[in-house]
Amino acid sequence: MMTQSLTTAASPPAPLAALDDDVLLARMRGDDAAAYRQLVERHVDRAYAIALRVLGNVADAEDVAQECLVKVWTHRHSWQDGKAKFSTWLYRVVVNRCIDLRRRPVNECLDDVPEPMDDEADSVSRIHRAQVFGRLEDAMARLPEQQRLALTLSYFDDLSNAEIAEILGTTVSAVESLLKRGRQALRERLRRCERDFRLALAE
């Protein structure tokens with residue numbers, strides 16, 4: 001009876017998209033540019049969204065996201081496994097860069113002025129919503145910086161208090177206090193337009 005020798009073909013390597021951040025970072029330390037591109041593709045939208053919500057300016061948000069992601073590559077050899085979750089580290093870098101930008105002198109130019117609304121059939125509804133959400137943005141902008149950042153990361157990015165604490169470089173109890181005081185301040189500022197705000201959300 002003849003016996004056949006069975007050879008097991010080597011399994012193909014896992015696609016980059018299937019690898020977790022830590023594996024991609026390890027490959028980046030070996031100067032793997034493809035791993036870096038995968039990491040950028042995975043996190044660029046979230047980094048940009050956070051920067052945009054903090055800064056409220058598309059051009060600045062794009063610059064911050066790009067600058068911080070370039071930093072990932074230039075600092076690839078100094079990354080330490082297990083020290084921090086990559087996404088948390090990245091968002092902390094983004095937030096800190098946004099804080100630096102917000103503290104610089106700002107000279108408004110014509111490019112920053114919103115375009116007039118189109119004269120559409122539902123323009124009254126659109127204007128109403130814009131006014132209501134404008135009040136919310138104004139109320140958020142008037143909050144102390146740390147309260148505003150904590151609320152932004154909690155409400156818009158759905159991060160846990162522990163993640164927010166790591167990003168802001170503080171404790172979980174401090175974040176809880178920031179969120180509590182921030183919500184109280186927002187309620188105080190928005191109580192006069194609370195009904196309009198609920199109606200706008202329902203439309």
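Take the residues in region 62-90 that are of a type in the set (F, W, Y) and touching a residue at least 40 places away in the same chain (Cβ under 8 Å); name whichever of them is most open to solvent (accessible area, probe 1.4 Å). Of everything passing the filter in region 62-90, W73 is most open to solvent (accessible area, probe 1.4 Å). Among the residues of region 153-188, those identified as acidic (D, E) and within 23 Å of D100 (Cα to Cα) are D157, E163, E166.
One line per residue, one yes/no per condition, for (1) modelled with pLDDT under 80; (2) open to solvent by 70 Å² or more (accessible area, probe 1.4 Å); (3) more than 30 Å from D21 (Cα to Cα):
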position	(1), (2), (3)
N96	no, yes, no
D111	yes, yes, yes
S125	yes, no, yes
Q131	yes, yes, yes
R148	no, no, no
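On the stretch given as region 1-32, residues that are more than 21 Å from K71 (Cβ to Cβ) and either open to solvent by 80 Å² or more (accessible area, probe 1.4 Å) or modelled with pLDDT under 60 (or both) total 14. Taking the conditions (1) within 15 Å of the chain's Cα centre (by Cα); (2) at pLDDT below 90 in turn, Y48 satisfies each one other than (2). Whether a residue is loosely packed, with under 10 Cβ neighbours inside 10 Å, closer than 26 Å to A61 by Cβ and modelled with pLDDT of 55 or more was assessed, and P105 passes this test. If you go through region 150-184 and keep only what is more than 21 Å from K83 (Cβ to Cβ) and either open to solvent by 70 Å² or more (accessible area, probe 1.4 Å) or touching an Asp or Glu at 6+ places or on another chain (Cβ under 6 Å) (or both), you end up with Y155, F156, D158, S173, E176, K180, R181, R183, Q184.
The values are calculated or read from the model by the stated rules, or taken from the named source; none is laboratory data. These numbers come from a predicted model, not from an experiment. No Cβ is skipped: glycine too gets one built from the backbone with ideal geometry, and neighbour counts run over all protein chains shown. All accessible areas refer to the heavy atoms of the entire protein, side chains included, with ligands and DNA or RNA removed. Shrake-Rupley method; radii C 1.70, N 1.55, O 1.52, S 1.80 Å.
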